[in-house]
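Chemist: There's a structure below that I have some questions on.
The values are calculated or read from the model by the stated rules, or taken from the named source; none is laboratory data. None of these values were measured; they are calculated from a predicted model. FYI the Cβ positions are ideal-geometry reconstructions off the backbone, even for glycines, and counts take in every protein chain you see. Accessible surface is based on the protein model in full, side chains and every heavy atom, while ligands, DNA and RNA are left aside. Shrake-Rupley method; radii C 1.70, N 1.55, O 1.52, S 1.80 Å.
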Amino acid sequence: MNIHEYQAKALLRSYGAPVSDGRPVMRAEEAKTAAGELDGPLWVVKAQIHAGGRGKGSFKEADAGEKGGVRLARSVEEAAEEAKKMLGRTLVTHQTGPAGKQVNRIYIEDGSEIETELYLALLVDRATSRVSFVCSTEGGMDIEEVADKTPEKILSFSVDPATGYQPYHGRRIAFSLGLKGQQVKQCVKLMDTLYRLFIEKDMEMLEINPLIVTDKGDLKCLDAKMGFDGNAIYRHDDIAALRDETEEDSKELAASKYDLNYIALDGEIGCMVNGAGLAMATMDIIKLKGAEPANFLDVGGGATKEKVTEAFKIITSDENVKGILVNIFGGIMRCDVIAEGVIAAVKEVGLQVPLVVRLEGTNVDQGKEIINNSGLDVIAADNLSDAAEKIVKAVKG
Ligand code: ADP
Ligand code: MG
């Protein structure tokens, strides 16, 4: 689960990390009061969407102005004006995809005088199975580009969970970032704070880009991105309360309410599968047969009729879907029960595109009989390869 920059900064502030003073704004009328509460003489008006690259992004609507999603203002009036221009408009960045994201919230904060922009992140490193600090002197810009062109400029320091964070981690990071004197002390303290926050809130990712050195020589977190482990959210009511459902894919949101593991993709073949491994194998074989999956969907071990119906609704609500492949292994569940569920779901939801059903496992013959006798236009398949071929042929002709 991701949160907005202004929410992440409030968390950082509550842990004592250095951030600028700022005010979130939900409605244009609030912008002037919010900006007026800050000191000036420089204000920064920032679009709040769950995507990075806002500064270099651009708006779809002409009346949002030429500038990107991070704008400088020299007066309260100008700050309010810029906030009004961005609210309700669609911001496109390299992370949003071409559709962009509607800006429903703005953050107005005190402008900082920047001496240097650095990069810092904490993440769970799968290779070492540890939490790692990732840092670079090349902050502010696209870290992806740095990773691509000059990977030697990105350094990583992993933390042994047995010792946890130690001041020497912070000193190593400080020296690798070229920090000196007081800044080294500030860095050691800030890294301690960030590590504590990361662990205590069960984060998956914490990115400060840029971490700056101000003109006064102090460290400050100028941007903040946080991602939390969805499986641990139940332990953090304060974090769960920050969820902004308007930022999430509506189909993924509906799926999460029914405990379906669903991820929307760009292809044309909707997949309904039980088990994550089988779901991945199904996606692979669809690609192998020359088409692209429209989604990943694991309906889980206990695929009830209700779940199957809901899964159908979600798949068919995707207008890119030109055909559906149901691939279920009846292990704990029996194939005849699943077949009845599929038929009932198709009858309830209706079917505008070809449907191929492949069943395997307990009571598979009864299952196939139910599909064949349903009177519905369902194509039965014998095995996975056959199923993939049939659905690709049905879609591509
Ligand atoms: P994004 O990463 O989505 O583009 P950032 O918050 O990193 O958004 O802002 C982009 C750039 O805007 C920063 O690299 C920095 O140069 C500038 N910037 C952001 N916030 C401030 C601020 N409070 N004061 C001065 N400059 C800022
Ligand atoms: Mg940034």
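Chemist: Filter the GluC sites (Glu not before Pro) in segment 286-387 to those in DSSP coil with at most 14 other Cβ atoms within 10 Å of their Cβ, and list the result.
Modeler: Qualifying residues, ordered by number: 319.
Chemist: So if each residue of separation counts as 0.36 nm, and I subtract the Cα-Cα distance between residue 171 and residue 193, what length gain in nm does that give?
Modeler: Stretched out fully, the residue 171 to residue 193 stretch lengthens by 6.5 nm.
Chemist: As I understand it, the value is the acute angle between the Cα axis of helix 167-176 and the longest principal axis of the Cα atoms of the chain; what does it come to in degrees, rounded to 10?
Modeler: So the helix axis and the longest Cα principal axis differ by about 80 degrees.
Chemist: Something else about it: For a quick check of your reading of the filter: which trypsin sites (Lys or Arg not before Pro) in segment 141-244 sit in a DSSP loop and have no more than 12 other Cβ atoms within 10 Å?
Modeler: 180, 216
Chemist: To continue, here is another question. For the charge dipole of segment 176-276, defined by +1 on Lys and Arg C-beta atoms and -1 on Asp and Glu C-beta atoms about the Cα centroid, which residue among 221, 188, 254 has the Cα displaced farthest towards the positive pole?
Modeler: 188
Chemist: Using the heavy atoms of the protein chains and a 1.4 angstrom probe, tell me the accessible area per residue for segment 98-174 in square angstrom.
Modeler: Dividing the accessible area of segment 98-174 by its residue count gives 53 Å².
Chemist: Which of the trypsin sites (Lys or Arg not before Pro) across segment 1-92 are loop residues per DSSP, with 16 or fewer other Cβ within 10 Å?
Modeler: The qualifying sites are 27, 56, 60, 67, 74.
Chemist: Moving on to the next point. At residue 94 and residue 281, where each label point lies 7 Å from the Cα along Cα→Cβ, what is the point-to-point distance in nanometres?
Modeler: 3.8
Chemist: Using 7 Å Cα-to-Cβ label points, what is the residue 200/residue 351 separation (nm, one decimal)?
Modeler: 5.4
Chemist: Next question. If you take every DSSP beta bridge whose two residues both sit in segment 250-396, what share of them, in percent to the nearest 5, is antiparallel?
Modeler: That works out to approximately 20 percent antiparallel.
Chemist: Just to be sure I understand: of the beta bridges DSSP finds with both ends in the chain, what percent are antiparallel, rounded to 5?
Modeler: Rounded to the nearest five, the antiparallel share is 75 percent.
Chemist: Taking only DSSP H segments of four or more residues, each worth -39500 (n - 2.57), what value at 222 nm results for the chain once the sum is divided by all its residues, to the nearest 500 deg cm²/dmol?
Modeler: After summing the helix terms and dividing by residue count, I get -10500 deg cm²/dmol.
Chemist: On the full set of protein chains, 1.4 Å probe, figure out the accessible area of residue 168 and give it in Å² to the nearest 10.
Modeler: 100
Chemist: Using only Cα atoms, locate the centre of segment 207-236 and the centre of segment 184-205, then give the distance between them in Å, rounded to an integer.
Modeler: Their Cα centres are 9 Å away from one another.
Chemist: At 0.36 nm per residue, and after removing the present C-alpha to C-alpha distance, how many nm does the segment from residue 127 to residue 382 gain when stretched out fully?
Modeler: 87.9 nm
Chemist: Rounded to the nearest 0.05, what FRET efficiency do residue 313 and residue 72 have when you use their Cβ-Cβ distance and R0 = 35 Å?
Modeler: 0.15
Chemist: Which value, in debye to the nearest 20, describes the size of the charge dipole of the chain about its Cα centre when Lys and Arg Cβ atoms bear +1, Asp and Glu Cβ atoms bear -1, and nothing else is charged?
Modeler: It comes to approximately 400 debye.
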